[in-house]
Amino acid sequence: MVLVSAVRDYVYRMLQDISGMKVLILDSQTILRPITIRLSYQSNAVVSIVSVVYSQSELLQKEVFLVELIDSISKSKESMSHLKAVYFLRPTSENIQYMRRQLSNPRFGEYHLFFSNMLKDTQIHLLADSDEQEVVQQVQEFYADFIAVDPYHFTLNMPSNHYYILPAVVDPSNLQHFCDRAVDGIGAVFLALKRRPIIRYSRASDIAKRIAHETAKLMYQQESGLFDFRRMEMSPLLLIVDRRDDPVTPLLNQWTYQAMVHELIGIQDNKVDLRSIGKFPKDQQEVVLSSEQDAFFKANMYENFGDIGMNIKRMVDDFQQVAKSNQNIQTIEDMAKFVDNYPEYRKMHGNVSKHVTLVTEMSKIVEERKLMLVSETEQDLACNGGQVAAFEKHQEGESEIYQGALDQGTKGLDPRSCIGAVTNLLNNESVSDIDRLRLVMLYALRYEKESPVQLMQLFNKLASRSAKYKPGLVQFLLKQAGADKRTGDLYGNRDFLNIARNMARGLKGVENVYTQHQPLLFQTMESIIKGRLRDVDYPYVGNHFQQGRFVAIYKVIELFRESLQ
């Protein structure tokens, strides 16, 4: 399941077999930012397919001397018959209309059309009718209708998708468009992998059920021949889940490298924009964080924040040794060696500078927002399901943690012991509005059924301390992602095996209190591997009852972020 390689292979095949000088023409959903020699547009696109897996230098090696957006190139009348046009587009009605207009008055010597998903017969006929001058050399479907952020993860980058978990308030036509895009993207992933999966979905989610059934209809009915690959001994499993099943994980501060960068600064299609947090040299304003292009990041993306600092120090020491050797140039041979190694030296310098900058800026944020202090209470609220009661006293910004006795039941932490810790953090001037809101949301999710009086106290306190807080926001979260709306055992207190596991974990203790939380998806994966995923919670689509691997699609709900914008 190497998704990056699949997309790279598609791009390679587009460009390799077409000799001569080429122009690559994309749409706003197959490119994100300028990766070209000459561009005459300012792209506001939200999705990138090509730029995530192919660099500008690699395109140059394939004799691509110009990259344009399809809507931009439609405005130009300049003839470029010496260039061969390679189009890579999503098969949307808008792009088909662009193509029809351009084919009616062709500017390039040849047209090679590649689409990122399945074309309709009507679209093919429209293109054929428009090609009166017979400049189109080929039309192919290359199934790269997704953004491969690394070998095992992809995204479809559908903005504001949390609206579609609220079917009562959304436009039905927009909801259908959202579902169609999700189904198209999922279908493209499995076509690229040459697999047809068994499909299951989260029972409590209407939108997950709808996407699961429409995906099954595509793969087993409408395009069954296209998905009829050689059968494997064990079929893959596509599991459609809903963000509401686990509202806790996105509310927690993260302490591993990749997660921290995304949480505190932001990663969009493997790129980090630093302009929002300070002034940096032009070449550092936007940096690339890709496990495919950055060996240090690949080795450390899941390391704890403390370990990252030590590993970066070792990288800096190694670079200093290389820099010293480059300063000792005494002969012609030394000079030739320096010139040969200069590109690698420049790359190493940029890499060191990038990671030092990221860790430095994140360290400032952690200190300014007192995130280590906040995270202790977050983890207690999320993890301590009946084994240890944490009584915290906050005096002059310092935290003393007193461990209580084991709770013999499965009620979890005493709400009264937690509300003091949360209240003290709400009163702390260094704690940001977003962190205050998260703490109250975590408390509300944990004790929505047990402590209505304490909840109301926290709501009032939050409203008095956070000027940007919108009344009713926490209650809305409970309405949409509370216990009655969720599938699965979020806190590990419904199933006997989960209760036993949590009690054993409490007795053993944890190595790191800041990273003790495990997302619900981890438990779900374990259940899949062991064949214990409950059919009643995750029903099958159709008559397929075989276990397999999985791809999980989350519908992200980030109401807590939008409330503070």
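Restricting attention to segment 358-403, the residues that are open to solvent by 30 Å² or more (accessible area, probe 1.4 Å) and either modelled with pLDDT of 90 or more or over 27 Å from Glu303 (Cβ atoms) (or both) total 19.
Before we move on, is Val261 open to solvent by less than 40 Å² (accessible area, probe 1.4 Å) and part of a helix (DSSP H, G or I)? Please lay out each step first, then the result.
Working: open to solvent by less than 40 Å² (accessible area, probe 1.4 Å): yes; part of a helix (DSSP H, G or I): yes.
When the stated conditions are applied, Val261 passes them.
Just one of (1) free of Cβ contacts under 8 Å to residues at least 40 places away in the same chain; (2) surrounded by fewer than 20 Cβ atoms within 10 Å (Cβ to Cβ); (3) within 30 Å of Tyr447 (Cα to Cα) fails for Gln254. It is (2). Residue check: Ile211 meets all listed conditions (1) surrounded by fewer than 21 Cβ atoms within 10 Å (Cβ to Cβ); (2) closer than 20 Å to Asn543 by Cβ but one, namely (1).
Checking the structure you have, find out if any residue of segment 81-89 is polar (S, T, N, Q), more than 20 Å from Leu59 (Cβ to Cβ) and part of a strand (DSSP E or B). Walk me through it before giving the result.
Of segment 81-89, the ones polar (S, T, N, Q) are 81.
Now restrict to residues that are more than 20 Å from Leu59 (Cβ to Cβ): 81.
Among the residues that remain, those that are also part of a strand (DSSP E or B) are: 81.
So far as segment 81-89 goes, yes, one or more of its residues are polar (S, T, N, Q), more than 20 Å from Leu59 (Cβ to Cβ) and part of a strand (DSSP E or B).
Can you find a residue in segment 305-316 that is assigned to a loop (DSSP other than H, G, I, E, B) and crowded, with 16+ Cβ neighbours inside 10 Å?
To start, the set of residues in segment 305-316 that are assigned to a loop (DSSP other than H, G, I, E, B) comprises none.
Looking for residues that are assigned to a loop (DSSP other than H, G, I, E, B) and crowded, with 16+ Cβ neighbours inside 10 Å, one finds none in segment 305-316, hence no.
Are any residues in segment 338-357 modelled with pLDDT of 65 or more, open to solvent by 60 Å² or more (accessible area, probe 1.4 Å) and farther than 16 Å from Asn311 by Cα, and if so, which ones? Selection gives Pro343, Glu344, Arg346, Lys347. Considering every residue within segment 199-207, establish whether at least one is among the aromatic types (Phe, Trp, Tyr) and within 30 Å of Cys383 (Cα to Cα). Among the residues of segment 199-207, at least one is among the aromatic types (Phe, Trp, Tyr) and within 30 Å of Cys383 (Cα to Cα), which makes the answer yes.
Of all the criteria given as (1) open to solvent by less than 20 Å² (accessible area, probe 1.4 Å); (2) modelled with pLDDT under 95; (3) in contact with a helix residue (DSSP H, G or I) (Cβ under 8 Å, 6 or more places away or on another chain), the one not satisfied by Ile198 is (3).
One residue stands out among those in segment 56-91 that are surrounded by 15 or more Cβ atoms within 10 Å (Cβ to Cβ) and of a type in the set (Ser, Thr, Tyr): the one that is modelled with the lowest pLDDT, which is Ser74.
Based on this model, can you work out whether Arg244 counts as in a loop (DSSP other than H, G, I, E, B) and either open to solvent by 20 Å² or more (accessible area, probe 1.4 Å) or within 30 Å of Tyr443 (Cβ to Cβ) (or both)? Can you show your working first?
Details: in a loop (DSSP other than H, G, I, E, B): no; either open to solvent by 20 Å² or more (accessible area, probe 1.4 Å) or within 30 Å of Tyr443 (Cβ to Cβ) (or both): yes.
No.
Scan segment 447-479 for residues that are part of a helix (DSSP H, G or I) and more than 21 Å from Val431 (Cα to Cα) and report the count. Give the derivation first.
So in segment 447-479, the residues part of a helix (DSSP H, G or I) come out as 447, 452-465, 473-479.
With more than 21 Å from Val431 (Cα to Cα) added as a condition, the list becomes 447, 452-453, 475-479.
Looking only at that region, the number is 8.
Evaluate segment 310-320: report whether one residue or more is modelled with pLDDT of 90 or more and in contact with a Leu (Cβ under 6 Å, 6 or more places away or on another chain). Taking every residue of segment 310-320 in turn, none turns out to be modelled with pLDDT of 90 or more and in contact with a Leu (Cβ under 6 Å, 6 or more places away or on another chain).
Checking each residue in segment 263-286 for being modelled with pLDDT of 90 or more and β-branched (Val, Ile, Thr) picks out Ile265, Ile267, Val272.
The values are calculated or read from the model by the stated rules, or taken from the named source; none is laboratory data. Computed from a predicted model, the values in this text were never measured in an experiment. Every residue, glycine among them, receives a Cβ derived from its backbone with ideal geometry; neighbour counts consider all protein chains shown. Quick note on the areas: whole protein, heavy atoms, side chains included, nothing else; ligands and nucleic acids left out. Shrake-Rupley method; radii C 1.70, N 1.55, O 1.52, S 1.80 Å.
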